[in-house]
Amino acid sequence: MTTTPRTSPLVVLFAVAAAWLPALGARAGAAAAAPPQPVEWRIDPATAVTLVEDHRVPVITLRLRFPVGTWSPWARERHVEEAFEIQFYDPEGALRRRADALGIRPSLEVSQRQAELAVTFLARDLDEVSRLVRDILSNRDFDRRELKRWRQQRKLLWKEQQTSPAFRLGQAAMRALFRPGDPRRLEYEKPPRLSTDTAELAAARDLVLALPGRQIGFAGDIDRERAEAIARGLLPPPLEEPPEGLEPDLPPPVDPEKRPREVTVAIRRLTQVYLGLARVGLPETDPDYPAFLVADHVLGGNFYSRLSVALRHEEGDTYGAFTHGGGGLVPSGYGPFTFTRAPNAAAAKEKLHRVIDEFHARGITEEERERAAGYLLGRRWTRRANPDAILREAMWEARFGLPHGFRDRLAEKAAALPLEKVNAFIERFYDPARLVEVTVAPK
């Protein structure tokens, strides 16, 4: 009996890359073909479909997104994280063997605001992959041994994180900025015990699949007629109304005047010191976010940023000096961070503060503003570098009710800001008095 030869995931990835190399070259020369545009429609009131059609390479990406994540109290109560991610694991490994035969590896992940199944495959395998996805989503025979392994991994990871200076730095910063019980602190708190009750997990998974607001996305070598036919057979009927407690409960951050000015964490046998200055960052919907994009790039967002020059290039205090955080759709932690050898801690701390003080007092130069503007405008290409990148962005925009091209418009607004407006923002936002100094040092 003959069998159809399969193609490895690496070959699929190379094919995707090859499809876009001509477009990359065309950007530097004469007119490049415009990237494909997403098209959205509904197959029922609770389910949206997004298609980014591109027939240059016989590759398709399928994404199923559900509007619930780890920040949801409803999801945490029902162990949705493990319920969604375990459904690919049946005790006999039959689902994984089918995926291996197709040369694919479906990804199932629950993040802060969504649960997603994603898979990239050759267009000729569309029917087989669709059947596999349906069988994954209807699987009720979860592998309890795998769940027990995940439970042990969760325990070991938490234990390991207690000696990770980078983790402890972030933990101290988030605890200083946000109140107990705030889901923004979850990734830095001890994780709950993972459930191994397969019946409970299957019931939770079934509810997730039926949530209103679910999305089905296709990118690549597929047309609308085929996409709609596949989409209609993937998911069960939706719930009429979303359950209570689905959306995150985000209390206001700790008042600036009630935050500690300094926090120190001690870890045994540490040979380095980690330093940070933390504050609550801006979400992307904030009117000041375009100015933040420019300021952040100059301060710590590139290899020759103010922080990198002062702490790395000039005297070699560190291998890394950067800013971290900000963005997203809700306020989060943000600030400059660095690390250095323990005997050099005082010198590095003084330089870190000096950079921030000068940045706050004097702002940036016109040359720095122009370089940041060029970077922000150039980076727009990454959001449409391939059909799946366009799909991901379009589904994110639709999920949160944002206009198409939202982040491109932010970059364009940022690049158009005059120097005086950027510097006025820096004077307001980077006030040293509003920063919490966080240090992780040897015990």
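Coordinate-derived values only; no laboratory data. Note that the structure is a prediction, hence the values are computed from the model and not measured. When we count neighbours, we look across all protein chains shown, and the Cβ atoms used for this are built from the backbone with ideal geometry, even at glycine.
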Discussion item. Per residue of the range 241-254, what does 6.51 cos²θ - 1.76 cosθ + 1.60 with θ = phi - 60° give for ³J(HN,Hα)? Whole Hz please, x for Gly and Pro, Karplus curve as stated.
Written reply: 9, x, x, 5, x, 6, 7, x, 9, 10, x, x, x, 4
Worksheet item: Between GLU200 and ALA166, what is the spin-label point distance in nm, taking each point 7 Å from the Cα along the Cα→C-beta axis?
Response: 3.4 nm
Worksheet item: Between PRO442, LEU417, ALA361, whose Cα lies farthest towards the positive end of the dipole of the range 256-442 when Lys and Arg beta carbons carry +1 and Asp and Glu beta carbons carry -1, centred on the Cα centre?
Response: PRO442
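At 0.36 nm per residue, minus the direct Cα-Cα distance, what do TYR304 and ARG134 gain on full extension? Give it in nm, one decimal, please. Can you show the working numbers first?
Values: separation 170, 0.36 × 170 = 61.20 nm, distance 4.89 nm.
Length gained, TYR304 through ARG134: 56.3 nm.
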Worksheet entry | Lys, Arg +1 and Asp, Glu -1 on Cβ, resulting dipole of the range 9-232 about Cα centre, debye, nearest 20 | 960 debye
Worksheet entry | Residue (of ILE390, TYR430, LEU307) at the positive-pole extreme of the chain, dipole from beta-carbon charges | LEU307
Discussion item. Can you compute 3J(HN,Hα) from phi for each residue in the range 38-53, using the Karplus curve 6.51 cos²θ - 1.76 cosθ + 1.60 with θ = phi - 60°, rounded to whole Hz and x for Gly and Pro?
Written reply: x, 10, 10, 8, 10, 9, 6, x, 9, 10, 9, 10, 10, 10, 10, 8
Practice prompt. Return the distance in nm (one decimal) between the two label points of a simple spin-label model at SER107 and GLU244, each offset 7 Å from Cα along Cα→Cβ.
Written response: 3.6 nm
Fill in: Amide H contacts of GLN112 (H built 1.01 Å from N, under 5 Å, at least 5 apart or other chain)
THR70
Worksheet item: Which whole-Hz ³J(HN,Hα) couplings does the range 220-236 yield from phi under the Karplus relation 6.51 cos²θ - 1.76 cosθ + 1.60, θ = phi - 60°, glycine and proline marked x?
Response: x, 7, 8, 9, 5, 4, 5, 4, 5, 4, 5, 4, 5, x, 8, 10, x
Practice prompt. Mind giving me the FRET efficiency for ALA433 and HIS404? R0 is 51 Å, r the Cβ-Cβ distance, nearest 0.05 is fine.
Written response: 0.80
